[in-house]
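Before any comments, here is the structure.
Computed from the coordinates by the stated procedures, all read-outs in this text should not be read as laboratory data. What you see is a predicted model; the values in this text were computed from it and never measured. Cβ placement follows ideal geometry from the backbone for every residue including glycine, while neighbour counts extend to all protein chains displayed.
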Amino acid sequence: MSNRPLPRLDSVNRDFWTCGADSELRLQHCNDCQQFFHPPRPVCRHCLSENVGPKAVAGTGVVDTYTVNYQKWHPAIEVPFIIARIAIDGAPGVYLTSNVIGCEIDDVDIGDKVQVTFELQDDVYLPLFEKVS
Amino acid sequence: MSRNEAFITGIGQSEIGVRLERHPLLLTVDAVKEALQEAGLTIDQIDGVSTYPGRASGMLGFSPIGSDELIDALGMKTTWYAGGGEITSQLGAVVAAADAVRTGQARHVICYRTVYEAAAFTKPDEYPMPKRDRVDSYSQWLAPFGAISAANWTAQYAMRHVKKYGLTREQLAQISLTDRANAALNPKALVREPLTMDEYMSARMISTPLCLFDCDRYTDASTVLIVSAGDALDEVKCTPVRIAAMAGSVDRHSWDQAEWMASYATGRDLWKRTDYTPADVDTVQLYDGFSFLTLTWLEALGFCEVGEGGKFIEGGQRIALDGELPLNTFGGQIGAGRLHGFGFAHEAVVQLRGLGGDRQIEGDPKVAIATSGGGPLATALLLAKD
Ligand SMILES: [Zn+2]
């Protein structure tokens, strides 16, 4: 996919969408209660602290659920492809909707272990995931 | 009947079609006039208007007629009105109206939902498609990954049922088969031909495990429900249907951070607010923008255990028109058209009044449930003729 709809970057989401430049996945983290949350916001949804900021995670995760999309919703996006909801290791309760790439479309399942990989399009580093054995 | 309760009185519906030429304001007026006539009310007696989601200027076909336009166009003198999308899904507009009449802010409220999504495609000059360089808000977490449609978002919850609870396509098919069988008996329905299991099983996939027939499709129509105050019923000539309980939940307004769909908390809360139980319910009209949402509503409302929805509808007899729990008797959105939530409450009232014609269920139904949404947003109404 080279013509993905891209997010509009702002002061709150910019780090998430560009952290791939440093080859690491960062999520919004609370420095008071030490919990991660997503989407990124300038206040912690667990304790209402404003002492929050991006923090790196390992970049691994588990396929929580998925679907194989066959419908051509977008003229520039080839089908079929895997859409998955990834539970991020080390960040309980945080999920990222993404794509599992680098495998056949029927070779993904709930519980599969995955690792982040970034795809650069314009100024956005999209966090995608590959299976790890 | 308590004066502090809210009732659905007149109901109305325009023609249902795709690529209708009639202006969406006039489709709305058609439904308003039918509802007024049934209730024996005049437009001068209407003092409230409620809609979902209000005029959607960036996506006009989705909601072309705002409440302030309707109020002005029909010369209404309103003391209360509301219209917005930040509410617990489509039937949240009825919940708001019920609260308004219960607190004396209005006596008779026109609640409506007008959709013009099919016609809009044929009139791109009048109804332009949204053009955005970049996506923002919640779309930014989904669209960059090709998860553009609610079909993709719903499909992932459905896949969890497949993998965790063994839901099969043959089981899920019963929602669409039931919808289409009932639509064949509804003269207004968009699709009048029944669907066979073979057709369902050989349909192309949209987003696994959902196939083409698991999805509703763009429709042009308007549906109206008049919500009246308990102390205004002497002005009404049709049989009032009491809104016996209401519930709407937002777990997280998100298609991927929420552990469960909002329907589950909504179903749980509905039964906390009434002495009725699931065993009292004569018919259910459950949101089917995607068939899987209907299945989760059956679980959420306690008709079966979580994860047992597939087995509950297996074979289809239980939810058929002559079954123990007739479902979507007008055809649902999959059969009758994407009326977007309001069709379910409309049909619940039709059945409770015994006006279903060829699709009227047996006996004298007294209790019905209508729902809307089921993803991150959900609303349930318990409706009773008591
Ligand atoms: Zn915190």
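Mind checking which of B:Leu286, B:Leu41, B:Leu91 has the largest fluctuation in a GNM of chain B, springs on alpha carbons under 10 Å?
B:Leu41
Just to verify a number: FRET efficiency for B:Asp72 and B:Asp99, C-beta to C-beta distance, R0 = 30 Å, to 0.05?
So the FRET efficiency works out to roughly 0.80.
Suppose a student asked you for the relative contact order of chain B, using Cα pairs under 8 Å spaced at least 6 residues apart; what percent would you report?
Computed over chain B, the figure is 24 percent.
I'd like to know how chain A sits against the 2.2 N^0.38 Å rule of thumb: what's its Cα Rg over that expected value?
Rg over 2.2 N^0.38 Å, computed on Cα atoms: 1.08.
For chain A, set up a GNM with springs between Cα atoms under 10 Å and report which of A:Lys72, A:Lys55, A:Lys113 has the largest fluctuation.
A:Lys72
Hey, what do the phi angles of segment B:344-349 turn into as Karplus ³J(HN,Hα) couplings, whole Hz, using 6.51/-1.76/1.60 and θ = phi - 60°, x for Gly and Pro?
The phi angles translate into 6, 5, 4, 5, 4, 5 Hz.
At A:Leu48 and B:Arg217, where each label point lies 7 Å from the Cα along Cα→Cβ, what is the point-to-point distance in nanometres?
Simple spin-label model gives 5.0 nm for this pair.
Inside 10 Å of the C-beta atoms of B:198-207, what's the mean count of C-beta atoms belonging to other chains?
That works out to 2 on average.
Among DSSP beta bridges lying fully in the protein assembly as shown, give the percent that are antiparallel, nearest 5.
80
Tell me the relative contact order for chain A as a rounded percent, counting alpha carbon contacts under 8 Å between residues six or more apart.
Relative contact order of chain A: 23 percent.
Placing unit charges on C-beta atoms (Lys and Arg positive, Asp and Glu negative, everything else neutral), compute the dipole magnitude of the protein assembly as shown about its Cα centre in debye, rounded to 20.
360
Past the 20 Å Cα-Cα mark, which pairs from B:Lys77/B:Lys237; B:Lys33/B:Lys237; B:Lys188/B:Lys311; B:Lys163/B:Lys311; A:Lys113/B:Lys164?
Pairs exceeding the cut-off: B:Lys77/B:Lys237; B:Lys188/B:Lys311.
Taking θ = phi - 60°, what integer Hz values does the Karplus form 6.51 cos²θ - 1.76 cosθ + 1.60 yield along segment B:241-257, in sequence order, with x for Gly and Pro?
Working through the residues one at a time gives 10, 7, 7, 6, 6, 9, 8, x, 10, 10, 6, 9, 6, 6, 8, 9, 8 Hz.
In a GNM of chain A with a 10 Å cut-off on Cα contacts, which of A:Val62, A:Val12, A:Val116 has the highest mean-square fluctuation?
Of A:Val62, A:Val12, A:Val116, the Gaussian network model singles out A:Val12 as fluctuating most.
Estimate the FRET efficiency between B:Glu259 and A:Gln115 by the formula 1/(1 + (r/R0)^6), using the beta-carbon distance for r and 30 Å for R0, to the nearest 0.05.
The pair B:Glu259/A:Gln115 has a calculated efficiency of 0.80.
Taking H as built 1.01 Å from N, whose amide H comes closer than 5 Å to the amide H of B:Gly40, not counting residues under 5 places away?
Placed amide hydrogens put B:Lys237 under 5 Å from B:Gly40.
Please report the spacing between the Cα centers of segment B:1-71 and segment A:1-47 in Å, no decimals.
42
Given the rule -39500 (n - 2.57) for each run of at least 4 DSSP H residues, summed and divided by the residues of chain A, what is its mean residue ellipticity at 222 nm, to the nearest 500 deg cm²/dmol?
After summing the helix terms and dividing by the residues of chain A, the value is -500 deg cm²/dmol.
Per residue, what volume in Å³ does the convex hull of the Cα atoms of segment B:202-328 enclose?
Spelled out: Cα convex hull of segment B:202-328, divided by residues, is 176 Å³.
Please compute the Kirkwood hydrodynamic radius over segment B:1-46, one decimal place, Å, based on all pairs of different Cα atoms.
Across segment B:1-46, the inverse of the average 1/r is 12.1 Å.
Convert 10 °C to kelvin, take the viscosity as 1.306 mPa s, use the Kirkwood radius over C-alpha pairs of the protein assembly as shown as Rh, and evaluate the Stokes-Einstein diffusion coefficient in µm²/s, rounded to a whole number.
Using the Kirkwood radius from Cα pairs, D works out to 67 µm²/s.
Enter the mean number of other protein chain beta carbons within 10 Å of the beta carbon of each residue in B:146-154, as an integer.
If you average over the peptide's residues, the count of other-chain Cβ atoms is 6.
Which loop-located GluC sites (Glu not before Pro) does segment B:178-277 contain, where loop means any DSSP state but H, G, I, E or B and the Cβ has at most 14 other Cβ atoms within 10 Å?
Filter output for segment B:178-277: B:Glu259.
Using θ = phi - 60° and the Karplus relation 6.51 cos²θ - 1.76 cosθ + 1.60, list the HN-Hα couplings for segment A:87-92 in order, rounded to whole Hz, with x at every Gly or Pro.
Couplings: 7, 8, 4, x, 10, x Hz.
Based on a Kirkwood Rh over C-alpha pairs, give the Stokes-Einstein translational diffusion coefficient of chain B at 4 °C and viscosity 1.567 mPa s in µm²/s.
Calculated translational D: 63 µm²/s.
Can you pull the Rg over Rh of segment B:229-304, Cα-only, Kirkwood?
That ratio is 1.06, to two decimals.
Please name which of B:Leu381, B:Leu352, B:Ala151 has its Cα lying farthest along the dipole of the protein assembly as shown towards the positive end, using unit charges on Cβ (Lys, Arg +1; Asp, Glu -1) and the Cα centre as origin.
B:Leu381
I'd like the distance between the alpha-carbon centres of segment B:76-131 and segment B:156-218, rounded to an integer number of Å.
Going from one Cα centre to the other spans 28 Å.
Given the rule -39500 (n - 2.57) for each run of at least 4 DSSP H residues, summed and divided by the residues of chain B, what is its mean residue ellipticity at 222 nm, to the nearest 500 deg cm²/dmol?
Theoretical 222 nm ellipticity from helices: -9000 deg cm²/dmol.
Taking the Cα centre of segment A:14-131 as origin and charging only Cβ (+1 Lys, Arg; -1 Asp, Glu), how large is the dipole, in debye to the nearest 20?
420
When Cβ neighbours within 10 Å are restricted to other protein chains, what is their mean count per residue of peptide A:5-11?
For this peptide, the per-residue mean of nearby foreign Cβ atoms is 6.
Can you pull the one-decimal nm distance between simple spin-label points at B:Lys33 and A:Asp32, each 7 Å off the Cα toward Cβ?
Here the answer is 6.0 nm between the modelled labels.
If neighbour count is taken as other Cβ atoms inside 10 Å, put A:Asp106, B:Asp216, B:Asp251, B:Asp280 in order from fewest to most.
A:Asp106, B:Asp280, B:Asp251, B:Asp216
Mind checking which lysines have their C-alpha under 20 Å from B:Lys272, skipping anything on the same chain fewer than 8 residues away?
B:Lys366, B:Lys385
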